[in-house]
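Written out below as structure tokens is the structure these notes cover.
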Amino acid sequence: MDSSKIMLTALRFNERINQQDLEGLAELMTDDHAFIDSGGSVTKGKDSMIQSWRYFFEKYPDYRNELTHVMVQDNVVVMVGYSRCSYKPLDGSNVWTAKIRGERVSEWRVYWLDQRQEEDSIKRIRHKK
């Protein structure tokens, strides 16, 4: 698969997130799809992730991803931008990665790039003591 098709798959997936289109997301996920959040928690399986997205969209109906830079390396798409949401902990700078397999997303991962990450890391360290 060429890099433009790989990139298009990731961009379509992000568009489905912004549209809160569960059916469209399901069509673009592999059956063994994995979602990894900024804290490293993993949700595996298309069915589990559809339920997770449903809950997320109900809880945060104004959530959107705005991408500013997109690049492809092999089968991985790296996207830089911002998530926008009235719920402040979800609003800020992010990097997303999408692993593409056969015109579907096998993994979607988000990394926070601002104070949210530092606060989250500090909380995890404090709870370990």
* **Hits in the stretch 78-110 (condition: among the small types (G, A, S) and under 23 Å from E23 (Cα atoms))** => S83, A98, G102, S106
* Mind listing whichever residues of the stretch 79-101 are loosely packed, with under 15 Cβ neighbours inside 10 Å and either in a strand (DSSP E or B) or out of contact with any Phe, Trp or Tyr (no Cβ under 6 Å at 6 or more places or on another chain) (or both)? => R84, S86, K88, P89
* Output the qualifying pairs, or none if there are none: Cβ atoms under 9 angstrom, residues six or more apart or on different chains, first residue in the stretch 14-34 and surrounded by 14 or more Cβ atoms within 10 Å (Cβ to Cβ), second residue part of a helix (DSSP H, G or I) and among the hydroxyl-bearing types (S, T, Y). => L28/T9; H33/S48
* **Unique match (being over 15 Å from N14 (Cβ atoms) and either modelled with pLDDT of 95 or more or assigned to a loop (DSSP other than H, G, I, E, B) (or both)) among E58, E66** => E58
* Structure fact -> Of those in the stretch 35-49 that are in contact with a strand residue (DSSP E or B) (Cβ under 6 Å, 6 or more places away or on another chain) and assigned to a helix (DSSP H, G or I), the residue surrounded by the fewest Cβ atoms within 10 Å (Cβ to Cβ) is K46
* To do: Would you be able to tell me the number of residues in the stretch 50-77 that are surrounded by 12 or more Cβ atoms within 10 Å (Cβ to Cβ), among the hydrophobic types (A, V, I, L, M, F, W, C) and over 16 Å from Q19 (Cα atoms)?
  => 4
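The values are calculated or read from the model by the stated rules, or taken from the named source; none is laboratory data. Not measured: the values here are computed from a predicted model. Every residue, glycine as well, gets a Cβ built from its backbone with ideal geometry; the counts of neighbours run over all protein chains shown.
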